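Enquirer: Have a look at the structure that comes next, please.
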Amino acid sequence: MARTISSSEAKSKFGEIMKWTTEHHDQVIVKLYGEPTAVIMSYAEYEEVQKLRKREQRRQAWEALEKLRKEVQEKMPSLSAEEAYRLAGFSEEVIQETLKADAEMARKQNA
């Protein structure tokens, strides 16, 4: 369970706190004037948080691209998905990756 300390304690025991976070694989919440202000965590845990953030950013970008593709395709229903992606301004690399992902999702849904 995460520990909570004051900013003055964090300042005076910073080395100990860093060691504790690494040994216990847990975080230390630092309060400033009684309000949680910062978190000290191990670098390994920070890397995991960064991976989760990037995954969420990709998911959001994917949703935005899908929405844009559907809008273009609704306005021009005779367009193929590939043509819709091109009109939406996607790069060729992104188009090919997206078509591949679309095919994989369709395959999984039909399995």
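Enquirer: Output the number of residues of region 17-43 satisfying the condition of being farther than 16 Å from Met1 by Cα and loosely packed, with under 11 Cβ neighbours inside 10 Å.
Expert: 4
Enquirer: A further question on this structure: In this structure, does Gln27 turn out to be of a type in the set (S, T, N, Q) and touching a residue at least 12 places away in the same chain (Cβ under 8 Å)? It would help to see each step written out before you state the result.
Expert: Numbers: of a type in the set (S, T, N, Q): yes; touching a residue at least 12 places away in the same chain (Cβ under 8 Å): yes.
Yes.
Enquirer: Also, quick follow-up: If you go through region 62-75 one residue at a time, do you hit one that is among the small types (Gly, Ala, Ser), over 25 Å from the mean Cα position of the chain (by Cα) and outside the structural domain of Gly15 (by TED's automatic domain parsing)? Walk me through how you get there before you give the answer.
Expert: So in region 62-75, the residues among the small types (Gly, Ala, Ser) come out as 64.
Retained after the next criterion (residues that are over 25 Å from the mean Cα position of the chain (by Cα)): none.
No; the residues of region 62-75 include none that is among the small types (Gly, Ala, Ser), over 25 Å from the mean Cα position of the chain (by Cα) and outside the structural domain of Gly15 (by TED's automatic domain parsing).
The values are calculated or read from the model by the stated rules, or taken from the named source; none is laboratory data. Predicted model only: the values in this text are computed from it and were never measured. Cβ atoms come from the backbone with ideal geometry, glycine included; neighbour counts cover every protein chain shown.
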